[in-house]
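A.B. asks: I'd like to ask you about the structure that follows.
We did not get these values from a lab; they are worked out from the coordinates using the rules stated. What you see is a predicted model; the values in this text were computed from it and never measured. Virtual Cβ from ideal backbone geometry, glycine too; neighbours counted across all protein chains shown.
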Amino acid sequence: LGLNPTTLSDGLMAEVREVAGKYAFRVDDSKILARSLWRKDMEVQH
């Protein structure tokens with residue numbers, strides 16, 4: 001039929017990106033840590 005289905009995960013991610021982009025100017029970068037903690041033995045450094 002020529003239809004291209006959009007999965008829930010793809011559609012949801014697209015919506016999240018759209019909303020995040022719309023309000024990106026409101027972000028306070030000082031409140032966001034630029035570090036990921038992937039293991040329990042890692043600790044947050046301020």
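A.B. asks: Calculate for the chain the 222 nm mean residue ellipticity that helices alone would give, adding -39,500 (n - 2.57) per DSSP H run of length 4 or more and normalising by residue count, nearest 500 deg cm²/dmol.
C.D. replies: Here the helix-only value at 222 nm equals -10500 deg cm²/dmol.
A.B. asks: With +1 on each Lys and Arg Cβ and -1 on each Asp and Glu Cβ, how big is the dipole of the chain about its Cα centre, in debye rounded to the nearest 20?
C.D. replies: Working: 7 positive and 7 negative charges, 20 e Å.
That gives a dipole near 100 debye.
A.B. asks: What's the extension gain from ASP29 to VAL16 if we count 0.36 nm per residue and subtract their Cα-Cα distance?
C.D. replies: So the extension gain works out to 2.8 nm.
A.B. asks: Separate question: If you take mean projected area of the Cα convex hull in nm² from the coordinates, which of (i) 3.2; (ii) 3.4; (iii) 5.8 do you get?
C.D. replies: Evaluating mean projected area of the Cα convex hull in nm² on these atoms matches (iii).
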